[in-house]
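Here the structure comes first, spelled out in structure tokens, and everything after it is commentary.
The values are calculated or read from the model by the stated rules, or taken from the named source; none is laboratory data. Just so it is clear, the model here is predicted, and its values are computed rather than measured. A quick note on method: Cβ atoms are made from the backbone with ideal geometry, for glycine too, and the neighbour counts reach across all protein chains shown.
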Amino acid sequence: MNLIFLGAPGSGKGTQASSLVTQFGLAHVSTGDILRAAVANKTPLGLEAYGFMSAGKLVPDSVVIGIIRERLLMPDCDSGFLLDGFPRTVPQAEALAQILETLGKNLSRVIYLEVGEEELFKRLLARGRSDDTAETVRERLKVYQTQTSPLIEHYTALGLLARIEGVGSVDEITARIRASLPA
Ligand code: AMP
């Protein structure tokens, strides 16, 4: 099973992803985690990404596409993967489709976690991560609206989207997601 988790920052993607990868033995591929590790280790990638991340902007497509291209080649992805935070733009989605075609793999489902804007803002400020100040939170939500939300249409048109109500207890939301997965 190869899944994408789609949703605004604060929609609960990370939390739900962690529980699903354990249940299904999937590789958890989070571009945010990979980028944060690169920043912490001050690698060339980290130095390039840091300015974008701390401003709440997207790291350039070419950079994250390169990360994903390498990551999906790793053997743990052979038994299925869950993409958490990628793709975030239509060009990223198109590049992913090409990469998967080369690898002879398909997407099983795109899980869209739907949460209202006010609730997102509240959750993000409560989280207190270093890139979660009021100003960057506003910027990240704006970036999500303009650059990422078109993916909802994109994957609906491909017949892959499962729309999941993202408000409720963690277990309730996990159950909704499980019910939406292919048998
Ligand atoms: P996340 O943990 O997924 O919210 O990602 C944290 C930050 O990493 C984002 O605000 C972006 O700056 C950057 N980032 C993560 N994934 C991507 C992506 N697919 N495309 C561009 N930037 C990304």
**Asked** When residues of the range 54-72 are filtered for being within 19 Å of T146 (Cα to Cα), among the acidic types (D, E) and more than 8 Å from the ligand (Cβ to nearest atom), how many remain?
**Response** 0
**Asked** Does P75 satisfy being surrounded by fewer than 18 Cβ atoms within 10 Å (Cβ to Cβ), more than 22 Å from E114 (Cβ to Cβ) and within 13 Å of the ligand (Cβ to nearest atom)?
**Response** no
**Complete:** Going through the range 105-129 in order, the residues found to be under 16 Å from G166 (Cα atoms) and either in a strand (DSSP E or B) or acidic (D, E) (or both) are V110, I111, Y112, L113, E114, E117, E118, E119
**Item:** Count of the range 139-183 residues which are within 17 Å of F86 (Cα to Cα) and polar (S, T, N, Q)
**Value:** 6
**Prompt:** Which members of the range 31-53 meet the condition of being away from the ligand (no atom under 11 Å from the Cβ), polar (S, T, N, Q) and part of a helix (DSSP H, G or I)?
**Reply:** none
**Prompt:** Within the set of pairs 6 or more residues apart or between chains, which connect a residue that is closer than 18 Å to H28 by Cα inside the range 82-105 to a residue that is among the basic types (K, R) and modelled with pLDDT under 95 with Cβ atoms less than 8 Å apart?
**Reply:** D84/K13; G85/K13
**Fill in**
Selection from the range 124-176 of residues among the aliphatic types (A, V, I, L, M) and away from the ligand (no atom under 16 Å from the Cβ) yields A157, L158, L160, L161, A162, I164, V167, V170, I173, A175
**Request:** Scan the range 78-114 residue by residue and report those that are away from the ligand (no atom under 16 Å from the Cβ), over 20 Å from G32 (Cβ atoms) and among the acidic types (D, E).
**Result:** D78, E101
**Message:** For Y50, only one of the following conditions fails: (1) within 16 Å of the chain's Cα centre (by Cα); (2) free of Cβ contacts under 8 Å to residues at least 40 places away in the same chain; (3) more than 21 Å from D171 (Cα to Cα). What is its number?
**Reply:** (1)
**Prompt:** Name the residues in the range 54-71 that are buried (at least 18 other Cβ atoms within 10 Å of the Cβ) and either among the aromatic types (F, W, Y) or in a helix (DSSP H, G or I) (or both), would you?
**Reply:** V64, I65, I67, I68, R71
**Prompt:** Tell me, which residue of the range 28-38 that is without any contact (Cβ under 8 Å) to a residue 24 or more places away in the chain and crowded, with 18+ Cβ neighbours inside 10 Å is nearest to the chain's Cα centre (by Cα)?
**Reply:** R36
**Prompt:** If you go through the range 77-99 one residue at a time, how many are of a type in the set (D, E) and in a helix (DSSP H, G or I)?
**Reply:** 2
**Request:** Hey, can you tell me all the residues within the range 140-171 that are over 22 Å from L124 (Cβ atoms), aliphatic (A, V, I, L, M) and crowded, with 16+ Cβ neighbours inside 10 Å?
**Result:** L160, L161, A162
**Request:** Give the range 133-175 a look and list any residue that's more than 16 Å from G7 (Cβ to Cβ) and either polar (S, T, N, Q) or assigned to a loop (DSSP other than H, G, I, E, B) (or both), or say none.
**Result:** T133, T136, L158, G159, S169
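For every residue, the table says whether it meets (1) closer than 25 Å to A183 by Cβ; (2) touching a helix residue (DSSP H, G or I) at 6+ places or on another chain (Cβ under 7 Å).
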site	(1), (2)
L103	yes, no
E118	no, no
R129	no, no
R138	no, no
V143	no, no
P150	no, yes
L160	yes, no
